[in-house]
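Each reported figure results from applying straightforward, stated rules to the coordinates on display, with no laboratory input. Predicted, not measured: the structure shown is a model, and the values here were computed from it. Reconstructed Cβ throughout: ideal geometry from the backbone, glycine too, with neighbour counts over all protein chains shown.
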Amino acid sequence: MTAKLIKGTEIREEILEEVAAEVKDIKEKHGVVPGLVTILVGENPASMSYVTLKIKTAHRLGFNEVQDSQPADLSEEDLLALIDKYNKDDSIHGILVQLPLPKHVDEKKVLNAIDPDKDVDGFHPVNVGRLMIGGDEVKFPPCTPAGIQEMIIRAGVETSGAEVVVVGRSNIVGKPIANMMFQKGPGANATVTVVHTRTKDLAAHCKRADILIVAAGVPDLVKPDWIKPGACVIDVGVNRVGEKVSEKTGKTVAILKGDVDFDKAKEIAGSITPVPGGVGPMTITMLMKNTLKSLKFKLGLA
Ligand code: GUN
């Protein structure tokens, strides 16, 4: 059996078209567009490429996009003042501070300074709390988990009563996706198990999963015999395992591998996300959706 591929690149296009249509409609009726500022401190190459992609996507959708690049030695005080400026700026509906931040800056302090109503990353404790309560309380679900849930829904995978196993317990993926999957609502109502580095028998838990979500950051951690035949496998891992020269551009690019042994897993799973081209493109897509949502909340449309 060969699994159905759940392609983030295709789902991204569907969602971005929906967002673009809504942006156009709101612009015509209300004369405003969503505003997103991306604050980048320093020159981390991975962060620079993420930020460029975020800005490009926002531009394509007709957002007011602002890229605020700051030097690596920007003081914590100055960064907090910058966030305060955007908190007060009515043309900005989403504030994103690209992580990781330089070591001399307290990340928690910075994330807590963002107005929760502009926190389109969903990292502020207020939004984490709203996510935990669930239902109408949720304003900005964090982007990667929101993208995973959207992929599961659009792939037509039944979640109600399903056994979901989440591998990993990070604040950005493991904890929020586990929480989202057991809530009441579409793409949820599942029975959820979270496994991690201290779990005694990882394989035994994974083998029970109707939906296996892996966000461990360990290449090929999940072996093919850990997968229940027909299961839906969501691989969140993006592990740089080497470099190669791209045939298309002639540039040196990273060789990426997921947390699941894809070639063998696809013969057992019912559906599976590839790496790259699976969960990756969904994160920026959901960031755009959250920024639009922020404007809609402000206009009383959501
Ligand atoms: N760095 C890596 N992923 C993310 C993300 O989703 N949001 C932010 N702000 N920084 C990141």
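Filter region 38-71 for residues that are away from the ligand (no atom under 16 Å from the Cβ) and not in a helix (DSSP H, G or I); which is farthest from residue 285 (Cα to Cα)?
Filtering first and then ranking leaves 71.
Residues being part of a helix (DSSP H, G or I) and either surrounded by 16 or more Cβ atoms within 10 Å (Cβ to Cβ) or hydroxyl-bearing (Ser, Thr, Tyr) (or both): count how many of those fall in region 1-21. Show your work before the answer.
First, the residues of region 1-21 that are part of a helix (DSSP H, G or I): 8-21.
Next cut, either surrounded by 16 or more Cβ atoms within 10 Å (Cβ to Cβ) or hydroxyl-bearing (Ser, Thr, Tyr) (or both) only: 8-9, 11-12, 15-16, 19-20.
Total meeting the criteria: 8.
Please give the number of the condition residue 136 fails out of (1) closer than 30 Å to residue 6 by Cβ; (2) touching a helix residue (DSSP H, G or I) at 6+ places or on another chain (Cβ under 9 Å); (3) of a type in the set (Asp, Glu).
The number of the failed condition is (2).
Quick check on residue 142: is it surrounded by 20 or more Cβ atoms within 10 Å (Cβ to Cβ) and touching an Asp or Glu at 6+ places or on another chain (Cβ under 7 Å)? Write out each step before concluding.
Details: surrounded by 20 or more Cβ atoms within 10 Å (Cβ to Cβ): yes; touching an Asp or Glu at 6+ places or on another chain (Cβ under 7 Å): yes.
Yes.
Among the residues of region 178-214, what is the count of those that are assigned to a loop (DSSP other than H, G, I, E, B) and over 20 Å from residue 132 (Cβ atoms)?
At the first step, the residues of region 178-214 found to be assigned to a loop (DSSP other than H, G, I, E, B) are 183-190, 196-201, 208-210.
When the remaining residues are screened for being over 20 Å from residue 132 (Cβ atoms), the result is 197-201, 208-210.
Counting residues in region 178-214 that are assigned to a loop (DSSP other than H, G, I, E, B) and over 20 Å from residue 132 (Cβ atoms) gives 8.
Of the conditions (1) under 21 Å from the mean Cα position of the chain (by Cα); (2) assigned to a loop (DSSP other than H, G, I, E, B), residue 234 fails just one. Which one is it?
(2)
In region 22-37, what count of residues is obtained for those that are outside any helix (DSSP H, G or I) and surrounded by fewer than 18 Cβ atoms within 10 Å (Cβ to Cβ)?
Kept after step one, since they are outside any helix (DSSP H, G or I), are these residues of region 22-37: 31-37.
Subsequent filtering for residues that are surrounded by fewer than 18 Cβ atoms within 10 Å (Cβ to Cβ) retains 31-32.
Result for region 22-37: 2.
Name the single residue that is nearest to residue 147 (Cα to Cα) among those in region 100-120 being without any contact (Cβ under 8 Å) to a residue 40 or more places away in the chain and within 11 Å of the ligand (Cβ to nearest atom).
Keep residues of region 100-120 that are without any contact (Cβ under 8 Å) to a residue 40 or more places away in the chain, which gives 103-104, 106-116, 119.
Subset that is within 11 Å of the ligand (Cβ to nearest atom): 107, 110-111, 114, 119.
On the way: 107: 24, 110: 24, 111: 21, 114: 22, 119: 17 Å.
Looking at the filtered set, the residue picked out is 119.
Determine the pairs where a residue that is within 24 Å of residue 230 (Cα to Cα), located within region 159-186, has a partner that is acidic (Asp, Glu) with Cβ atoms under 8 Å apart, the partner being 6 or more residues away or on another chain.
Here the result reads 162/210; 163/210; 164/210; 167/259, each pair linking region 159-186 to a residue that is acidic (Asp, Glu).
Give region 251-282 a look and list any residue that's assigned to a strand (DSSP E or B), of a type in the set (S, T, N, Q) and surrounded by 15 or more Cβ atoms within 10 Å (Cβ to Cβ), or say none. Even if it seems obvious, please write down each step before you answer.
So the first thing to find is which residues in region 251-282 are assigned to a strand (DSSP E or B), and the list is 252-257, 260, 271-272.
From the residues that got through so far, the ones that are of a type in the set (S, T, N, Q) too are 252, 271.
Once the filter is applied, which keeps residues that are assigned to a strand (DSSP E or B), of a type in the set (S, T, N, Q) and surrounded by 15 or more Cβ atoms within 10 Å (Cβ to Cβ), region 251-282 yields only 271.
Restricted to region 152-177, and to residues that are crowded, with 22+ Cβ neighbours inside 10 Å and not in a loop (DSSP other than H, G, I, E, B), which residue is nearest to the ligand (Cβ to nearest atom)?
The extreme case among them is 176.
Just to verify a result, which residue in region 121-151, among those that are free of Cβ contacts under 8 Å to residues at least 60 places away in the same chain and among the aliphatic types (A, V, I, L, M), is farthest from the ligand (Cβ to nearest atom)? Steps first, answer last, please.
So in region 121-151, the residues free of Cβ contacts under 8 Å to residues at least 60 places away in the same chain come out as 123-138, 142, 145, 149.
Next cut, among the aliphatic types (A, V, I, L, M) only: 126, 128, 131-133, 138.
Working: 126: 16, 128: 14, 131: 15, 132: 19, 133: 22, 138: 17 Å.
By that ranking, first place goes to 133.
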